[in-house]
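**Q** Before anything else, here's the structure in question.
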Amino acid sequence: MSVVDSDVAKELNGYLHLHPDETMKLMPLYDATQDHARRGRCLHESRCPVVKAGAVVLDDQDRVLVLRNGRQWAFAEGTPEAEDESLPRTALRVLEEFAGVYDVWLSPGEQTPLVVDVSPAAPEDGLRLRVGFRYFYRVHSGALPPGMVERGEANWLRLASIGDPLLLERIESRLRTVV
């Protein structure tokens with residue numbers, strides 16, 4: 001089973017229920033999924049937003065995992081594939097494939113995305129928007145395979161290093177609610 005428009009719409013609706021102030025920035029994706037559902041297929045000729053799913057992983061020392069992406073660090077993120085049954089599963093698959101991290105967990109009641117961000121898509125995707133669903137996971141510090149940090153493929157950053165104020169606020173908020 002693969003991720004379909006109805007799965008994206010479900011995740012988006014759950015997120016917007018918690019964060020209604022973000023409706024306008026996510027409207028292109030919402031409109032596209034509604035149009036696909038109405039027509040039964042996409043007629044937008046590769047103009048729909050590109051959907052990505054990613055993992056924001058925090059270890060037991062409250063450090064966030066980033067992976068090497070060219071010359072910069074980034075969160076694990078990828079496009080849903082045929083074997084992915086959900087956007088959270090896409091995020092986990094990407095984390096497993098690119099970082100070798102398998103033993104992650106969600107805090108109770110934390111199934112909705114931590115943040116849904118919008119940016120221009122990668123050049124290979126054309127002049128489209130990229131909409132990234134980022135899910136929050138916890139992990140033990142030893143879950144990252146040995147050598148990933150030494151080879152420069154992954155790194156643990158302190159929370160204060162996160163340059164996105166919204167993402168930082170959401171992580172800190174979730175940490176405050178965990179008992």
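The values are calculated or read from the model by the stated rules, or taken from the named source; none is laboratory data. Nothing here was measured: the structure is a model prediction, and the numbers come from that model. Positions of Cβ are generated from backbone atoms using ideal geometry, with glycine treated the same way; all protein chains shown enter the neighbour counts. All accessible areas refer to the heavy atoms of the entire protein, side chains included, with ligands and DNA or RNA removed. Shrake-Rupley method; radii C 1.70, N 1.55, O 1.52, S 1.80 Å.
**Q** Got the relative contact order for the chain handy, in percent, Cα pairs under 8 Å and 6 or more residues apart? It would help to have the intermediate numbers written out before the result.
**A** Working: 286 pairs, mean separation 46.7, N = 179.
Computed over the chain, the figure is 26 percent.
**Q** Tell me the net charge near ASN155. Cut-off is 11 Å between Cβ atoms, ASN155 excluded, with +1 for each Lys or Arg and -1 for each Asp or Glu. Could you put the intermediate results ahead of the total?
**A** Numbers: positive: ARG63, ARG68, ARG151, ARG158; negative: GLU150, GLU153.
Once all neighbours under 11 Å are counted, the net charge is +2.
**Q** LEU166 to GLU124: FRET efficiency via 1/(1 + (r/R0)^6), r the Cβ-Cβ distance, R0 25 Å, to the nearest 0.05?
**A** Details: r = 27 Å, r/R0 = 1.07.
It comes out at approximately 0.40.
**Q** Moving on. First compute the accessible area of the chain with a 1.4 Å probe, then give the percent of it belonging to carbon and sulfur atoms.
**A** Details: 5220 of 9750 Å².
Heavy-atom surface of the chain belonging to carbon and sulfur, 1.4 Å probe: 54 percent.
**Q** Rank these residues by their accessible area, most exposed first, probe 1.4 Å: THR79, THR33.
**A** Per-residue accessible area, sorted high to low, gives THR79, THR33.
**Q** While we're here: Of all chymotrypsin sites (Phe, Trp or Tyr not before Pro) in region 85-172, which ones are in loop regions per DSSP and have a Cβ with at most 16 other Cβ atoms within 10 Å?
**A** Answer by residue number: TYR102.
**Q** Kindly state, to the nearest 0.05, the FRET efficiency for LYS25 paired with ASN155, given R0 = 25 Å and r defined as their beta-carbon distance.
**A** Details: r = 29 Å, r/R0 = 1.16.
Computed FRET efficiency for LYS25 and ASN155 comes out at 0.30.
**Q** Ranked from the most accessible area to the least, with a 1.4 Å probe and all protein chains present, what is the order of LYS52, LYS25?
**A** Working: LYS52 40, LYS25 80 Å².
Result, largest first: LYS25, LYS52.
**Q** Moving on to the next point. Give me a comma-separated list of calculated 3J(HN,Hα) values for region 13-18, in order, Karplus coefficients 6.51, -1.76, 1.60 applied at θ = phi - 60°, integers in Hz, x for any Gly or Pro.
**A** Listing the rounded values in order: 4, x, 5, 5, 4, 7 Hz.
**Q** Quick one: if the Förster radius is 22 Å, what FRET efficiency do ARG68 and LEU175 give, using the C-beta to C-beta distance and rounding to 0.05? Walk me through the intermediate numbers first.
**A** Working: r = 26 Å, r/R0 = 1.17.
Once rounded, the FRET efficiency stands at 0.30.
**Q** So what is the accessible area of region 89-148 per residue, in Å², with the probe set to 1.4 Å? Intermediate results must be reported in sequence, preceding the final value.
**A** On the way: 2770 Å² over 60 residues.
It amounts to 46 Å² per residue over region 89-148.
**Q** Sticking with this one: Ignoring everything except DSSP H segments at least 4 long, calculate the 222 nm mean residue ellipticity for the chain; use -39,500 (n - 2.57) per segment, divide by total residues, nearest 500. Please list the in-between numbers first.
**A** On the way: 4 runs with 57 residues, N = 179.
Value at 222 nm, helices only: -10500 deg cm²/dmol.
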